[in-house]
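Visitor: Below you'll find the structure I mean.
Since every read-out is calculated from the coordinates, none of them should be taken as a lab result. Note that this is a predicted model, so its numbers are computed, not measured. As a convention, Cβ positions derive from the backbone with ideal geometry for all residues, glycine included, and neighbour counts pool all protein chains shown.
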Amino acid sequence: MMPPATIHNVGWFLLYATSKDGVVWEKPELGLHGFDGSTKNNVVARDVAGGAGVFKDPHDPDPARRYKLVYDLGFSKLRVRFSPDGLHWGEPLEPQGLCCPRVRGPPATRTTTPSG
């Protein structure tokens with residue numbers, strides 16, 4: 001990464017690709033972020049931990065927040081970013097009012113009783 005990674009010493013990236021059929025993908029060289037000494041890549045955001053979700057919100061009145069990115073840094077630390085075009089992302093923010101419940105112990109088992 002250029003500069004080095006900041007999340008758990010791992011290089012996390014959000015990549016951009018498009019497809020007309022879901023099989024063949026185009027990955028344009030966007031020149032937005034450096035990787036391996038070059039900006040010839042399809043990286044649109046860095047330091048985005050795994051399990052990220054991106055969606056377009058056509059109802060947000062602020063065009064700078066048209067696209068939304070939500071991800072978890074681990075340990076229930078959610079972050080959000082906003083973009084006007086899905087390519088240029090703002091700085092990560094900690095959302096207010098959202099949380100990930102912490103799971104303690106093994107999952108609960110469900111017992112069913114046959115009806116009849």
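Visitor: Take the Cβ-Cβ distance between Glu26 and Arg65 as r, set R0 to 30 Å, and report the resulting FRET efficiency rounded to the nearest 0.05.
Guide: That pair, Glu26 with Arg65, gives E of 0.70.
Visitor: Next question, about the same structure. Step through the residues of the stretch 56-68 one at a time and calculate ³J(HN,Hα) from phi using the Karplus curve (6.51 cos²θ - 1.76 cosθ + 1.60, θ = phi - 60°), rounding each to whole Hz and writing x for Gly and Pro.
Guide: 9, 10, x, 9, 5, x, 8, x, 6, 10, 4, 9, 10
Visitor: Taking the Cα centroid of the stretch 36-69 and of the stretch 74-93, what is the distance between the two, rounded to the nearest whole Å?
Guide: The stretch 36-69 and the stretch 74-93 have Cα centres spaced 7 Å from each other.
Visitor: Here's a follow-up. For Pro84, what is the net charge nearby, where nearby means another residue's Cβ is under 15 Å from its Cβ and Lys, Arg count +1, Asp, Glu -1? Walk me through the numbers before you get to the answer.
Guide: Values: positive: Lys56, Arg65, Arg66, Lys68, Arg81; negative: Asp57, Asp60, Asp62, Asp85, Glu91.
After counting each charged neighbour, the total is 0.
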